[in-house]
Amino acid sequence: MAAIDSLLSLIDAQQASGIVLRAREAPVMIGGKGRGLTMPAMSPITLETFVSEVLSQEELTSLNASGACDTVYRSEQAGTFSVEARRSADNLSLKLRRGAAGVAKPAAAPAQVPAAALPPTLMPPPTFMPPSAPTPTTESIVVTATPPGPSPDPAQAALASRLAATLARAATREVSDLVLSTGQPLWIRTAAGFSASSANAIGELEIQAFVDSILDGKRRKILESAGSVDLPWVAPEVDDEGAQRFRINVFTQTHGLAVALRPINRRAPSLAELGLPESLGALANVTGGMVLVVGPTGAGKSTTLAALLERVNRTRPGHVITLEDPIEFVYQPRRTLIHQREVGTHVESFAAGLRAALREAPDIILVGEMRDRETAALALTAAETGHLVLSTLHSGSAAMAIDRIADIFPEHQQGQVQQQIAGSLRAVLTQQLLPGIAPATRHPAIELLTVNYAVAALIREGKTHQLTTQIQTGRDDGMITFESSLFELLRAGRISRDTALGAARDSVELQRRLREARL
């Protein structure tokens, strides 16, 4: 299947008559809803790929010579389209309308554009991919992230559509998780707890129809073999704020299928919106090495990384490659060129994506999670060679995170790994979400370790148990203790005294500070 066919399949879904593609602009539907799709601007390289698929070699030559070519493109999946291709000195556009408009053209396999036929400014890089595998830029996310599975019958489609609309309406700002389970009502997690949203049970057929509508063939095979699968999903629009994105895990269980959904903000938040101190913005200015965000599941690690990356995007030029499973926030490049790659869609694994990234001229590499030895080794290598590596780890503290990375490796390699960590690690931000005093609110309590000479020496010598003391004495280096973060949240009236003392690692120290402040 040609790469453009996935995009053309959206025309009927949008009840439109055609689509207009322009370099550096988001695609726009003709007729129907008549508005841009929820995807980033299209890169010139990707648009060149699409042009090479709908035009023959002779038509490409005519387009490059005259700047215009009108023809017909027949897609086995999406039907027949009249084509208007236009090229100027600094722009390229492609318009496809449903129907052949009386022009006859025999069906043919998509033609590839020889490199020599492209303008010098749009020459593909050495790693340019053939039309059958579109270049993994941000715009490919919406088209390829969750292609549909087998077409359901009308009854199944209605069940899936109804449940999808229910989920979209339920995903309010206060909701952090939704869970579907066969024979159970929809369960929802907020800051107030985890509870059923109604007494109405959701049947097996309804959940099965919904799952069939969001899984492609590859993910369906993963679900059948592994028992669970991760994927992103874009819900139907139910308000004026645009489509809601979700991170989804589908899994099998005793009574049938279940689905865990986590709503994703429609845009990357700022540090202030997350309730994090503005001083953390300094982490976005690091030019090389590794910055880790650690904490338990559901602590908001990925969201904090997104806020840091958005700070980079707004403040400094550079090239960012993200490796995510699945892609959550979709970034609009501002001062930074951002390429987002999804594990399972654009790359086989985090490790494979990291190996490729080292050849793709990035300044910053975001690794969604360091899960295995190979990923950790490649991330350390990238950090040692001048790249800034941002990543997350499930860990309760900075010391535990450093020990966990070292423990991934065989014992005879751990001394060398500790040397690498000491030389490349720049900061570890530990985060935990605590229930607030105000209903349905949660606030992040943090600990920040920045790596100075003394910290690096402790890591090198394997004395990570002494890092807590370094954090307590490292205020001048920007370090933040967990107790000082709890103290500030309590003083601001965001969390209760009981919550703060219950979360404290050193409750004696926190109580001393509270007495001194008469709180």
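Observations, loosely collected:
- Test: residue in region 58-75 that is within 30 Å of ARG341 (Cβ to Cβ), part of a strand (DSSP E or B) and either modelled with pLDDT under 85 or in contact with a strand residue (DSSP E or B) (Cβ under 8 Å, 6 or more places away or on another chain) (or both): yes
- Residue within region 495-503 that is surrounded by fewer than 17 Cβ atoms within 10 Å (Cβ to Cβ) and within 34 Å of the chain's Cα centre (by Cα) present: yes
- Total residues in region 357-387, condition under 22 Å from LEU337 (Cα atoms), without any contact (Cβ under 8 Å) to a residue 40 or more places away in the chain and not β-branched (Val, Ile, Thr): 3
- Taken over region 85-115, the residue count meeting the criterion of being surrounded by 17 or more Cβ atoms within 10 Å (Cβ to Cβ) and at pLDDT 75 or above is 8.
- Here region 145-157 is the region considered, the condition is being modelled with pLDDT of 60 or more and within 11 Å of PHE210 (Cβ to Cβ), and the residue that is surrounded by the most Cβ atoms within 10 Å (Cβ to Cβ) is GLN156.
- Elements of type helices (runs of 4 or more DSSP H) in region 454-519, at least 1 residues being closer than 27 Å to ALA282 by Cβ and not assigned by TED's automatic domain parsing to the domain that holds ALA284: 482-491, 497-503, 507-516
- Per-region count, region 396-419, residues closer than 21 Å to THR430 by Cα and among the acidic types (Asp, Glu): 2
- Top-ranked residue of region 439-459 - restricted to ones that are touching a residue at least 40 places away in the same chain (Cβ under 8 Å) and of a type in the set (Gly, Ala, Ser), ranked as nearest to ILE480 (Cα to Cα): ALA445
- Every listed requirement among (1) of a type in the set (A, V, I, L, M); (2) loosely packed, with under 15 Cβ neighbours inside 10 Å; (3) in contact with a strand residue (DSSP E or B) (Cβ under 9 Å, 6 or more places away or on another chain) is met by ALA517 save one, (3).
- Leading residue by the ranking (surrounded by the most Cβ atoms within 10 Å (Cβ to Cβ)) among those in region 435-448 that are out of contact with any Gly (no Cβ under 8 Å at 6 or more places or on another chain) and modelled with pLDDT of 95 or more: ALA445
- Selection count where residues are hydroxyl-bearing (Ser, Thr, Tyr), surrounded by 14 or more Cβ atoms within 10 Å (Cβ to Cβ) and in a loop (DSSP other than H, G, I, E, B), scope region 262-317: 1
- Subset of region 224-244 that is within 21 Å of the chain's Cα centre (by Cα) and more than 25 Å from GLN14 (Cα to Cα) - its residue that is modelled with the lowest pLDDT: ASP230
- Scanning region 476-486 for residues that are more than 29 Å from the chain's Cα centre (by Cα) and more than 19 Å from VAL508 (Cβ to Cβ) yields ASP476, ASP477.
- Applying the set (1) touching a residue at least 40 places away in the same chain (Cβ under 8 Å); (2) assigned to a helix (DSSP H, G or I); (3) closer than 28 Å to LEU276 by Cα to LEU390 leaves exactly one unmet item: (2).
- Odd one out for ALA379 among (1) in contact with a helix residue (DSSP H, G or I) (Cβ under 6 Å, 6 or more places away or on another chain); (2) surrounded by 21 or more Cβ atoms within 10 Å (Cβ to Cβ); (3) part of a helix (DSSP H, G or I); (4) hydrophobic (A, V, I, L, M, F, W, C): (1)
- Residue count for region 364-384, restricted to those that are over 16 Å from ASP403 (Cβ atoms) and either among the charged types (D, E, K, R) or out of contact with any strand residue (DSSP E or B) (no Cβ under 6 Å at 6 or more places or on another chain) (or both): 9
- Every condition in (1) over 31 Å from the mean Cα position of the chain (by Cα); (2) within 22 Å of GLN418 (Cα to Cα) is met by THR473 except one, and the failing one is (2).
- Leading residue by the ranking (farthest from LEU47 (Cα to Cα)) among those in region 14-27 that are under 24 Å from the mean Cα position of the chain (by Cα), surrounded by fewer than 20 Cβ atoms within 10 Å (Cβ to Cβ) and of a type outside the set (Asp, Glu): ALA26
- Within region 427-482, the residues that satisfy the criterion of being of a type in the set (D, E, K, R) and in contact with a strand residue (DSSP E or B) (Cβ under 9 Å, 6 or more places away or on another chain) are ARG442, GLU447, ASP477.
The values are calculated or read from the model by the stated rules, or taken from the named source; none is laboratory data. Just so you know, these numbers come straight off a predicted model, no measurement behind them. So basically every Cβ, Gly included, is an ideal-geometry build from the backbone, and we count neighbours across all protein chains shown.
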